[in-house]
Each structure stands twice: as C-alpha cells, then as structure tokens.
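See structure below.
The values are calculated or read from the model by the stated rules, or taken from the named source; none is laboratory data. From a predicted model like this one, the values you see are computed outputs, not experimental measurements. Cβ placement follows ideal geometry from the backbone for every residue including glycine, while neighbour counts extend to all protein chains displayed.
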There are 2 protein chains.
Amino acid sequence: MADKKLVEAITSMEEDFAKWYTDVVKKADLMGYTSVKGCMVFKPAGYAIWELIQSQMDSMFKETGVENVYLPMFIPESLLEKEKDHVEGFAPEVAWVTQGGLQPLQERMCVRPTSETLFCDFYKDDIQSYRDLPKVYNQWCSVVRWEKETRPFLRSREFLWQEGHTAHATAEDAEKRTIQMLNLYADFCEQVLAIPVIKGRKTDKEKFAGAEATYTIEALMHDGKALQSGTSHNFGDGFARAFGIQYTDKDNTLKYVHQTSWGTTTRLIGAVIMVHGDNSGLVLPPRVAPTQVMIVPIQQKKEGVLPKAYELRDRLSKVQGTVGSLRVKVDDSEKTPGWKFSECEMRGIPIRVEIGPKDIEKDSCVLVRRDNGEKITVSLGDIEKEVASLLERIQKEMLERARSHRDAHTYIAKNMEEFEKLFTEKSGFVKAMWCGDQECEDKIKEKLSVTSRCMPFEQEKISDTCVCCKKPAKALVYWGRAY
Amino acid sequence: MADKKLVEAITSMEEDFAKWYTDVVKKADLMGYTSVKGCMVFKPAGYAIWELIQSQMDSMFKETGVENVYLPMFIPESLLEKEKDHVEGFAPEVAWVTQGGLQPLQERMCVRPTSETLFCDFYKDDIQSYRDLPKVYNQWCSVVRWEKETRPFLRSREFLWQEGHTAHATAEDAEKRTIQMLNLYADFCEQVLAIPVIKGRKTDKEKFAGAEATYTIEALMHDGKALQSGTSHNFGDGFARAFGIQYTDKDNTLKYVHQTSWGTTTRLIGAVIMVHGDNSGLVLPPRVAPTQVMIVPIQQKKEGVLPKAYELRDRLSKVQGTVGSLRVKVDDSEKTPGWKFSECEMRGIPIRVEIGPKDIEKDSCVLVRRDNGEKITVSLGDIEKEVASLLERIQKEMLERARSHRDAHTYIAKNMEEFEKLFTEKSGFVKAMWCGDQECEDKIKEKLSVTSRCMPFEQEKISDTCVCCKKPAKALVYWGRAY
C-alpha cells in the first residue's frame, strides 16, 4: 500500500482543480519561488522534463532543416516600433531597461517578449539573394511579458520557449512552412506528450500581433478547459515591408521575403500535468519522464535484495529507449516501501518495480503502472523486454485515454440556448457554427466567458447558421474556456 | 588547389592577429551583428559549436551528480546588495530594468550578471536539513554585463554560459567540489577542445567578487596572449551568512552551508579559434566540429560521382562518434571544387573527402586533413575505419600541437630585467616568483601591462626571491597579457 501522508497533502482535483494543480507542482518538486515577483524557479524535476521536451522537439526540427541560432535579449524601442500592429500588441507588457552600468541609456530597450523584430533586423542584412533563402532559424531562450497574474508553467513574467523565425522567397513557401510546423507541434504533442490536439486557425480577433494568419493547436485539460499549446504564424510580407527585407530574385528584380514564426513554451509541462495527472500526483508519459523506472527494494536489508535491485537497474539502463537508454533508478533510501511508493506516484514515474526476498525466490518481480495502477508479475529473465514494451504500451494508452476524455468532453451547439446550457452544465470544447463576424465573437465572449479556440482544419457543417446571429455560417469554430 | 578568393579576404595572423580573428569569425559565418549595441548574433555555424560544447560538458557534469535548473533572469536591487564584496564588483556593470509594462517598478531589478544572489535566495528556503545537502545545481543561460569594448565570443554585453552553484555541509566538501569542477573544465578543454590549460589559483587581486578563493584554467592563444577559460570559486560561508542559509545538522544544531560556483562561457569558442586557427581560416577539433567530414565530388556531373558521394555519406553517417554518429555532408552545390575546398578550410571542417571518376575507377578516395593539409588515399572499402581513426588522430595531434606551442611560448624570469625583456621581445606566459604582496602585482601590471594569470597547482621554485621586490618569494606565478 502506498503511504498516504504525501497524498493526503494534495487537494483532490474534483474539489478544487486549481489548488490540485499547484499542490502537484509543489509536491512533485517541479518549481520553486524566489523573491522575484512573477518569476519562478525550475527545480531539477521540472527542468528535466523541459530538457526531454527540448531534445526531442529539437531533433524533429532539425529533420525538417531547422538551424539553431541565438539573438540578443534586448530590443531597442525604435526597433520594436517598426511594425505597427506588433508594437501595439506587445508594448504594454514588456520590461524596459533604461540604464546600463552607471549611465542612463540614450534609447531604452525592452527585454524580448518575442523576437520578430530582432530577426527582421538581422535578416535585413543577412538576406541578399534568392540563394540565401529560405532561412529556417530557431532559438531556445527565455522571454519576458509583464503579466499581472501568474501560475506555474502556464503564465509567468519570464518563461522558457523556442521561437522559430523563417524567411522565404514566396508566399506559398511561407504558408507551407507555417502549416508544416503546426503539424510538427501536433505530432510532438501526440507522440511525445500523449496529448491529442485540435489543429486549426485562429480568428482575426485571436491572432498574433502582426500576423496575416495564426494557426494553433488546442488541447483539453482534465477540468474541461482549453490550453493553447503551440502557435504558428504566417506574416506574409508585412514585416519584410516594415523592415525592408528584400532579395534579388533569379530574374534580377528586388522582392520582399515572406516570413513565419512559431513557438511552444514551458506551458507544455502544465499541459502534461493537467491532462494526465490524478489525485495521487503527477502522471508522466514515458517519453518525458526523467525517471522512467524506479526500482523499490522490499525488505532491502535482507541479504541479496539490494544487489539484485542494482543488477536490474544496470540491466535496464542498457536498454535503448527513445532518447538514449532507459532512465532507471533504485530508491535505496531509508524510507519505508510505502513512503517510496507514494513518492513514485507523486513524481509520476511510469513504472515502479517491486523486488523483495519472495520475488527473488520465485525469480520474478512486480511491475506497477503509474497510469492505471495495474500490477504485472514478470520473470526476471524477461525484464528488459517486459519493461521496454510496457513503457511503449503506457505511452500509447495514455494518448488513447486522453483522446477519449477529450472526445467525451466535446459538444455540439446549434443555437444559443444549447450553447449556454452546455457551458453552464458541462465543461469542455463546444463546436458551433460562426458567421465570421467579430461582433458575434465578442458577444459570445461577453455572455458566456468563452473564447473561440480555433477554426479546425477538419471542418464540419453542423448547421447552416451562426450560433449567435443566425446569419449564414462561414466556419465551424471550437469554443472553450481557456487557460 | 583551393580557390584563393575566400582566403585572400582574410588578413594574415602575422600581420594583424586581431583583424585575422574578426575576419575568421565573419568569413566562417559564426557571428553577425544587429542594431543592439554590444550584443551579437550566434549564426548557425557558431551556435552549433556551442551546442556541441554544451552537450558534452553537460554529460560530464551529470556524471558528477550535477542537476540542471533554471532561475529568473532578474535580480531585485535589494537582493544584489546583500553580499558587500559581490555588489561592489558587479553593480557598476549591470543593466537595470526600471519599468514593467506601463508602470515604473517599485524596486528596480538588474538583468543577472551572474546568479549567486538568486541561488542564495532560493537555497535559503530550499535547504533545511543535512538531508537536503549537497545541492549541486547548474543552469545554461545568458548573462549581461555592460561592457564598453566588445569582441565576438570574447567580450559582449550579453553572453551565453553555464553557471554551477552548490551548497555543502562542510568547508571540505565545498573545497572538494570547487577543485573537482576546475579539473573537469581542464579535462574538457584538453579532451574536447584540444586546448591544454594551466590550472591554478587566482591572486586575491584577481579573484571573484565575494569569493574566498578563485581557481582558474588559463590557455595560451596563438598570438601569445592568455585567455581565462573557466573559473571555479569557493565562497566558504560568506554568502550563507549574508543570506541566512542554514541547515539543521545531525547533531540538531543550526549550521551555515558552504558554497561554490563555477562557470564557462562562449569565449571557449574564441579560444578554439585563436588556438587552432590558421591563415586559411578556422580549424575545428573533430569533437566540436558541426560538420566533421565534407565530401566534395570532383566532376560531379559525370555519371556515378554524385551517387557514390551520397553512398559514402550514408555509410559514414552510420559510424558512431563521440556524440551520436559522425556528422557528414556532401557539397553538391554548383560551385567549383576549388571554391568548395576553400570553404571547407574557412569553416574548419576536419576532413575533406575528394571523390571523382578516377578515384571511383581505382576504388579509392582522398582524405585531406584540415589541420595539417596531409592527403591520404584510402580504399573505399575501408573508409569507415579510416575516417573514424583519422578523426581521433586529428583530435589528439591538435592537442599535442597546441601543447608544444604553449610550452615553446612559456618563459622563465628570475629578475625584473629578464621579465621586462621577455615581455618586450616575446609573447607568451612568463613564470616568475612572487612575494604574495599586492603592491608588487600592481607594480608589475603598471610597468609591463601584464597580469598575474594564476598560481599554478604545480609549483616550482625557480628562484628564492620575488621577481619585483626581491623579498622572499611565496609562490610561482604565471604572468601574461590577457584577453
């Protein structure tokens, strides 16, 4: 039996989901606080998840020709102001540096909230000819947005992310890259994080400041709220015109480049917590679990138990996983087995291996799945094969379970009555038709406190008229309450 | 023959080493400029070297129990001020954020120039008991110091680095970790960057603001100037007392922790350029070469040439190297072979493979070493083995060559006359005895414009008296002109 002391300390998600979330973040030791208001500390258990996200997403990037770079963290005010929509969107929420060393700066600079303007300033000189295109650059860094309300992983004044910024010869190439990266994000979420997502386009109201089109992946959390989990923007030649980024084409004429940008952040960790977690704590998909297997010796002081535990660790650590070899540990601390079980559960470790004198006698051990509690007795001789295939099965079943939950919490509304009723009684995505008019979008937001999440790529026609104004409908929209 | 157009564009290092350096940085496409004064852009070729440094150093860290974290980039002024020596050392060169969003901040914050104060603020709450020790945390991030004069990789207002910050129960544990990390840095420089270093302790004048002792690794560049390439600091309990970081020991008494910090930066890339580069451009040690092997097809339009080049690339790409598999490319562009050769040289690619119709006929190809120009004809059947062992040989010989250069430019001075003569006529390290008095250190600096680089761990007694004041000597010191 798992020791309940650790577990009792967390609020149940049914009682208070927000409190459950912060309890898990704290008890699983993912984040900490400092005196810097609105900023957080990624503790080892939290940062290790980010490292696993980084390494796997970065490999996927590189397979599509992405190259990593690093640009400065400061943006001079005059640079930020060059693209009108962009500065309006970001200026109110940036941090300003006004003094360098002992001198006030002649021009103040903000800490990057995003780096479109810096990349444009760089591309302006770096791109001369069609031979220099495309540029498909990305950087892993932190950005700053002066948020008033913050929540671990989901919203903080400084957060970690990757931002890709590309420049292309044609509008078609830019659109293709925008969609390619959105698809990559969706594949990443499904395959690595075991989180199913809806791919779609943002309405004009919700798109990025300065973009022609913003595409998004939207995931549904366990409490039925939506989380925008990654976005990809097509800028057309808007930034190129504002910054004068031109290239000489094969026909010897000067043309503006077409640009895109795309980003995902550490809020993906928040998504993992809120999609998979339960009342015993974190539940990590094997591909982002810093420890995938924890071996807990039973009666570890009995002769032969600890050596057998270490032997299993060494054998399992040689098995090739998705990223390097399997990540396996032995908890040989002085705590009781029950306490260790609870810790494994709180920290979301996918498989716990229990091995004691009786198991050794029978030449077997017990594998316990974190995601569903299932116990499987396996022969020690088969442990490599059993653990490797179980990790794959867990990864797959976690995605299936999340997809079932998402589908079971996706509703259809044909008119405002249904729409209101759903958001009063249920929690989840609601699919409804929309006329394309921002007025209706605003009305719906005001009335139901929900936002348009996206116009999905997979369009359906669930009625002919807008759910709000009853004029002819132009698109199916996913609506939801969002983080 | 290599095409000379690219090469002619760089200044020779004998003519003007500083100009040679910036030419190489530019022509090898490592860095770029933006409108942000004093800050630089890491272009793909430059950033890829940093990624290779990161991944290999990070593995070495983790083998010693280091865990990665991420702390905020901002330090409230009151926090920076808590340790007296530390704030005096850093306050004059930080960037200050005074406004967040549309509001002026109640307390201004600096962008971290280093994170001792943030880690202390975090450890103060995170450490309670001896069970919580040691803490061996590290972060990979950027820091800002408001430098007036900047040079690519060597000195810029923002630079990338790693900073380790540890807390220990005893002074002995802290000293042990300080030395362990310095040794790790030295091993890294020798094994990965092929740069030999002198390990030693800084004089009090040169130590880190707030440290009890600073240890350093010092490398000698090709022009005879020294480059401080990594430092490791023992803080004793100074910061712990200033921040109140105490733990309850086994005997139930409250004790202060003992702390260390250690860092290396992107200036290591500058060291690689200045130790190994030549008048044809960059020369990269195989372990940090983003492309290790460039296959250049000769008469690539002739039947069979390109397919053979791709076949060799695919075969070589399957060979396991130090980090993943070998990094191999084919230059199938429309440029002339001569131009491609020059580009390989400028970019420092360790091995160029030349393969044309005549080679294919003889079932062989030519390997050309970047470091010494040697050409080796090998049978195509053996290419995996030949290339893998050649890369290892190059790595080893580059270290030996750098060590010979360093040793040939290390001199001994027994008195001021010799000392002056050496720094007038020669360029390199000068070993001389020192009384331990800062007055002599200051005099030497004033008179010869050289600084004490370190008191090496391997002490020798080359005379009984201080080179400057002739009082009894306390230590052998390495002196040099430094970057």
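Scanning region A:140-168 for residues that are more than 16 Å from the chain's Cα centre (by Cα) and under 30 Å from A:Thr248 (Cβ atoms) gives A:His165, A:Thr166, A:Ala167, A:His168. I'm trying to understand the selection: among the residues of region B:145-183, which are in contact with a helix residue (DSSP H, G or I) (Cβ under 7 Å, 6 or more places away or on another chain) and farther than 30 Å from A:Met73 by Cβ? B:His168, B:Ala169 - these are the residues of region B:145-183 that are in contact with a helix residue (DSSP H, G or I) (Cβ under 7 Å, 6 or more places away or on another chain) and farther than 30 Å from A:Met73 by Cβ. Screening B:Tyr130 against (1) more than 30 Å from A:Gln162 (Cβ to Cβ); (2) away from chain A (no Cβ under 13 Å); (3) out of contact with any Asp or Glu (no Cβ under 6 Å at 6 or more places or on another chain); (4) not acidic (Asp, Glu) leaves a single unmet condition, (3). Here the condition is being of a type in the set (Val, Ile, Thr) and touching a residue at least 60 places away in the same chain (Cβ under 8 Å); of A:Thr424, A:Thr410, it holds for A:Thr410 alone.
As a summary of the residue check, A:Arg177 satisfies the conditions (1) in a strand (DSSP E or B); (2) out of contact with any Gly (no Cβ under 7 Å at 6 or more places or on another chain) except for the one numbered (1). Please find, within region B:63-120, the residue that is surrounded by the fewest Cβ atoms within 10 Å (Cβ to Cβ) out of those that are assigned to a helix (DSSP H, G or I) and at the interface with another protein chain (Cβ under 7 Å from one of its Cβ atoms). So the residue we want is B:Pro92.
Does A:Arg393 satisfy the condition of being touching a Gly at 6+ places or on another chain (Cβ under 8 Å) and either surrounded by 14 or more Cβ atoms within 10 Å (Cβ to Cβ) or closer than 24 Å to A:Ile53 by Cα (or both)? So A:Arg393 fails the test. Can you tell me which residue is farthest from A:Asp359 (Cα to Cα) among those in region A:248-300 that are β-branched (Val, Ile, Thr) and out of contact with any strand residue (DSSP E or B) (no Cβ under 7 Å at 6 or more places or on another chain)? Ranking the candidates gives A:Thr253 first.
One residue stands out in region B:88-142 among those that are in contact (Cβ under 8 Å) with a residue 40 or more places away in the chain and of a type in the set (Val, Ile, Thr): the one that is nearest to A:Val111 (Cα to Cα), namely B:Val94.
Got at least one residue in region A:397-412 being within 30 Å of A:Lys308 (Cβ to Cβ) and outside the structural domain of A:Tyr310 (by TED's automatic domain parsing)?
Residues of region A:397-412 that are within 30 Å of A:Lys308 (Cβ to Cβ), as a first pass: A:397-398.
Those still in the list that are outside the structural domain of A:Tyr310 (by TED's automatic domain parsing) too: A:397-398.
Within region A:397-412, one or more residues are within 30 Å of A:Lys308 (Cβ to Cβ) and outside the structural domain of A:Tyr310 (by TED's automatic domain parsing).
Is one or more of the residues making up region A:287-300 out of contact with any Pro (no Cβ under 8 Å at 6 or more places or on another chain), among the β-branched types (Val, Ile, Thr) and not in a helix (DSSP H, G or I)? Yes, region A:287-300 has at least one match.
Among the residues of region A:344-380, just one is assigned to a strand (DSSP E or B) and free of Cβ contacts under 8 Å to residues at least 12 places away in the same chain, namely A:Lys375. In region A:188-202 there is no residue matching the filter, namely being free of Cβ contacts under 8 Å to residues at least 24 places away in the same chain and either surrounded by 19 or more Cβ atoms within 10 Å (Cβ to Cβ) or within 13 Å of the chain's Cα centre (by Cα) (or both). Among the residues of region B:6-27, none qualifies, meaning not one is within 21 Å of the chain's Cα centre (by Cα), within 30 Å of B:Cys110 (Cα to Cα) and not assigned by TED's automatic domain parsing to the domain that holds B:Thr336. Hey, among the residues in region A:154-174 that are in contact (Cβ under 8 Å) with a residue 40 or more places away in the chain, surrounded by fewer than 21 Cβ atoms within 10 Å (Cβ to Cβ) and part of a helix (DSSP H, G or I), which one's nearest to the other protein chains (Cβ to nearest Cβ)? Looking at residues that are in contact (Cβ under 8 Å) with a residue 40 or more places away in the chain, surrounded by fewer than 21 Cβ atoms within 10 Å (Cβ to Cβ) and part of a helix (DSSP H, G or I), I get A:Asp173.
Given the structure, is A:Lys19 basic (Lys, Arg), farther than 25 Å from B:Val136 by Cα, in contact with a helix residue (DSSP H, G or I) (Cβ under 8 Å, 6 or more places away or on another chain) and more than 11 Å from chain B (Cβ to nearest Cβ)?
On the way: basic (Lys, Arg): yes; farther than 25 Å from B:Val136 by Cα: yes; in contact with a helix residue (DSSP H, G or I) (Cβ under 8 Å, 6 or more places away or on another chain): no; more than 11 Å from chain B (Cβ to nearest Cβ): yes.
In short, no.
Within region A:34-59, how many residues turn out to be in contact with a Lys or Arg (Cβ under 6 Å, 6 or more places away or on another chain) and more than 8 Å from every other protein chain (Cβ to nearest Cβ)? So that I can check it myself, show each step before the final result.
Taking region A:34-59 and keeping what is in contact with a Lys or Arg (Cβ under 6 Å, 6 or more places away or on another chain), we get A:38-39.
The next check asks that each one be more than 8 Å from every other protein chain (Cβ to nearest Cβ); those that pass are A:38.
Final tally of qualifying residues: 1.
Of note, B:Lys318 satisfies the criterion of being in a loop (DSSP other than H, G, I, E, B) and either basic (Lys, Arg) or surrounded by 12 or more Cβ atoms within 10 Å (Cβ to Cβ) (or both). Set side by side, the residues B:Ile349, B:Ile355 differ, and just one is within 26 Å of B:Met13 (Cβ to Cβ) and crowded, with 22+ Cβ neighbours inside 10 Å, which is B:Ile349. With respect to the stated conditions, A:Gly270 fails to be of a type in the set (Gly, Ala, Ser), surrounded by fewer than 24 Cβ atoms within 10 Å (Cβ to Cβ) and more than 16 Å from the chain's Cα centre (by Cα). Taking region A:143-153 as the range and being surrounded by fewer than 21 Cβ atoms within 10 Å (Cβ to Cβ) and touching a Phe, Trp or Tyr at 6+ places or on another chain (Cβ under 9 Å) as the test, the residues that pass are A:Val143, A:Arg151. The residues of region B:122-139 that are surrounded by 15 or more Cβ atoms within 10 Å (Cβ to Cβ) and outside any helix (DSSP H, G or I), listed by number, are B:Ile127, B:Leu133, B:Pro134, B:Lys135, B:Val136, B:Tyr137, B:Asn138, B:Gln139. Any idea which residue in region A:352-366 is nearest to the chain's Cα centre (by Cα), counting only those that are closer than 14 Å to A:Lys340 by Cβ and not hydrophobic (A, V, I, L, M, F, W, C)? Among them, the one singled out is A:Arg352.
Can A:Met31 be described as in contact with a strand residue (DSSP E or B) (Cβ under 8 Å, 6 or more places away or on another chain), more than 8 Å from chain B (Cβ to nearest Cβ) and touching a residue at least 24 places away in the same chain (Cβ under 8 Å)?
Yes, satisfied.
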